Amino acid sequence: MWHTYLRPKTVEEALQMLAEAGEAAVLIAGGTDLMLDLQQGRHPPVQALVDITEIPELRALEIRGDELFVGAGVPLNRVAASPLVREHAMALAEATSQMAGYQIRNVATLGGNVAHALPAADGAIALLALDARAEVASPHGRRRVPLADLYLGPGRSALKHEEMLVGFWLPLTRQKAASAFRRVMRPQGVALPILNTAVWLAREGDRIAQIRIAVGPFGPVPRRATAAESVLCGHAPDEATLNAAVEALLREARFRTSRYRATETYRRHLAGILLRETVGKAWQRAGGE
Ligand SMILES: Cc1cc2nc3c(=O)[nH]c(=O)nc-3n(C[C@H](O)[C@H](O)[C@H](O)COP(=O)(O)OP(=O)(O)OC[C@H]3O[C@@H](n4cnc5c(N)ncnc54)[C@H](O)[C@@H]3O)c2cc1C
């Protein structure tokens, strides 16, 4: 499926290889999406694969200043088991620990999950709710991009061919704030979920002071459920408010029937259940009754 396999040791070296080879070269991390896409003809043929798994910068997972940095090349199992991720980004720990099977999680990376740009990608949905910024490297320098700006459509990332994800910057957790992630899979499934939901919220007394909700698949690209956020913000998560939030979420959602996963009707049914569960869990973790 390729002729040349390249192993850069730095981000700059990888960018140079991409620039030199042009469209004939593509980045590969765990290969769990890319190999299937190449094999099944969903990706145009390539000449060279640029393997980014030996770049130390992409494997970093640490606190930097007042943020948590998770390298784009960190395998999912390492993200899931990291005490730092569990402390500051529980929704991400929960998402990565449920993705695929154990062997896939040993090689699949968070950067690959985001760059593949599927609207229900579990890692991307958790990162959205956690307000992550992606660090993007290009031949012209580096920039930080809100996660939502990385998408053009289903399977279409806004990253240019000569660009790459270096990692994700997440705010550290603070008092009375917490996150949660839930998803529903087909019982025999190991691939994308029927539906997932990630919630981050901050509590003030018995009210939700701030909230971010991401649901996948919610539309053609990973995005937040802002109408439901508006209903919940400033209120206690009681029955009436949660009912109104579910209604708002369903009005905004663009669910569709998928041949392999579920009908639109079933997804609408699950959306309310997952929203209640994730808001409830995050609220509890933030110290709410
Ligand atoms: C059996 C199975 C089960 C799965 N289950 C799930 C699941 O439950 N939930 C889920 O969300 N996904 C699932 N996936 C999809 C896949 O495993 C994940 O999306 C994974 O995180 C992809 O990471 P990767 O490192 O393997 O990416 P790769 O396949 O290496 O790359 C994917 C794409 O991203 C690009 N890319 C990779 N790294 C970068 C980077 N740093 N910068 C820019 N572009 C980059 C590549 O060029 C390619 O286009 C499953 C896949 C399989 C095969």
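Read-outs throughout are calculated quantities, based only on the coordinates presented, and are distinct from any laboratory measurement. Because the structure is predicted, anything quoted here is derived from the model rather than measured. Glycine also receives a Cβ, built like all others from the backbone with ideal geometry; neighbour counts cover every protein chain displayed.
Highest mean packing comes first when the peptides 10-18, 231-239 are listed by Cβ atoms within 10 Å, giving 10-18, 231-239.
Potential lengthening of the chain between THR226 and ARG142 amounts to 27.3 nm, from the contour at 0.36 nm per residue minus the alpha-carbon distance.
Comparing mean-square fluctuations of LEU275, LEU38, LEU110 from a GNM of the chain with C-alpha springs under 10 Å, the top value falls on LEU38. For PRO8, neighbours were defined as the other residues whose beta-carbon sits under 14 Å from its Cβ, and their charges (Lys and Arg +1, Asp and Glu -1) total -4. In terms of other Cβ atoms within 10 Å, HIS116, HIS3, HIS43, HIS88 run from fewest to most in the order HIS3, HIS43, HIS116, HIS88.
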